[in-house]
1. Can you find even one residue in the range 137-153 that is in contact (Cβ under 8 Å) with a residue 24 or more places away in the chain and within 30 Å of I207 (Cα to Cα)?
2. Select, from V90, V17, the only residue that is open to solvent by 50 Å² or more (accessible area, probe 1.4 Å) and either among the acidic types (D, E) or farther than 18 Å from V269 by Cβ (or both).
3. Here is a check on your reading of the model: is S31 of a type outside the set (V, I, T), at pLDDT 85 or above and over 30 Å from K199 (Cβ atoms)?
4. All but one of (1) of a type outside the set (V, I, T); (2) surrounded by 21 or more Cβ atoms within 10 Å (Cβ to Cβ); (3) more than 30 Å from the chain's Cα centre (by Cα) hold for Y163, so report the exception by its number.
5. Which members of the range 209-260 meet the condition of being under 24 Å from D34 (Cα atoms) and of a type in the set (S, T, N, Q)?
6. Every residue in the range 110-119 that is open to solvent by less than 90 Å² (accessible area, probe 1.4 Å), modelled with pLDDT of 80 or more and either more than 12 Å from R172 (Cβ to Cβ) or acidic (D, E) (or both), please.
7. Residues being without any contact (Cβ under 8 Å) to a residue 40 or more places away in the chain and either within 19 Å of V102 (Cα to Cα) or acidic (D, E) (or both): count how many of those fall in the range 154-193.
8. For the range 235-256, indicate whether the set of residues that are among the small types (G, A, S), at pLDDT 85 or above, more than 30 Å from L129 (Cα to Cα) and surrounded by fewer than 21 Cβ atoms within 10 Å (Cβ to Cβ) is non-empty.
Amino acid sequence: MKKNHKLPLSMVLSGGVLLLILLAALLAPLSPHDPIAVETGQKFLPPSAQHLLGTDNFGRDTFPRLLYGGRVSLLVGFLSMLISIVFGTVYGIVSGSSGKLVDGFMMRIVDIIYTVPDLLIIILLASTLKYPLQSLAEKPGFGWINIIGVPLISILIVFALLYWVGMARIVRSQVLTLKESEYVTAARALGAGTGRIIKKHILTNCIGTLIVTTTLQIPSAIFTESFLSFLGIGVSAPMPSLGSLASTAIDGLQSYPYRLFAPAIAISVVILSFNLFGDGLRDAFDPKLKN
């Protein structure tokens, strides 16, 4: 009798929480308060029906700033996931399906990239690209650079340069295993080319691993962005971020401790939900755990 395998409870609960977080981030523009409008007469107001999470030291409503900060963090997380999938998958497939000489050379490049400290590179890029990007932002059609900010652009560049190597290693190991399987050998004996074998047999069997790995990588990217914004080298003001909200709340921690609760809880919930959802996906895709 065939058993019905249910999804892990942690995956269902965390998926529901993530759905609510995504909806809140998408509906952030519907907030009646401007997240960057300064109201000098409403500084440090406590939470109320009008201001659900109170106001900050510039009189800005904290609730819409929290929603927009969540949008920034989620955007960074999903962009890092997209970069990891595209670069890591292509690199891993090429490395794993090539000969030993090419594979060894490509993996040595990955090993070198693994030794590069990403936080240091972000700081160096933010300093190096600051003035060139500011000059570029003054030209027509490049005003979006001022909106995003040089530090955030530096973070995304570092993700593009460094964050795909873990995915590349995982995909390469999958390719090395799958290309020796019986059905791949049979397909090659029937005359199937390398491109068809990769597309029809290898890539399709790597989808589960790709989904799980990228889902677990999103919270790492979100934490990195929040940490850098907390230090003041992440998202540029006045654009809010969960990390920058926590950083500004530290200044008045003794007098207004409640200002730190919202961004700290939001960061914890987002990262924990993604981790639990990724663990649930791993359990769902692993046939050994199903049995």
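The values are calculated or read from the model by the stated rules, or taken from the named source; none is laboratory data. All figures in this text were calculated on a predicted structure; none of them were measured in a lab. Backbone-built Cβ (ideal geometry, glycine too); neighbour counts: all protein chains shown. Note: areas computed on protein heavy atoms with side chains; ligands, DNA, RNA excluded. Shrake-Rupley method; radii C 1.70, N 1.55, O 1.52, S 1.80 Å.
1. Yes: one or more hits.
2. V90
3. Against the criterion (of a type outside the set (V, I, T), at pLDDT 85 or above and over 30 Å from K199 (Cβ atoms)), S31 does not qualify.
4. (3)
5. S226, S229, S236, S241, S244, S247, T248, listed by residue number.
6. Our first condition is that a residue be open to solvent by less than 90 Å² (accessible area, probe 1.4 Å); within the range 110-119, this holds for 110-111, 113, 116-119.
Add one more test, that the residue is modelled with pLDDT of 80 or more, and what stays is 110-111, 113, 116-117.
Across the range 110-119, the qualifying residues are D111, I113, V116, P117.
7. 4
8. no
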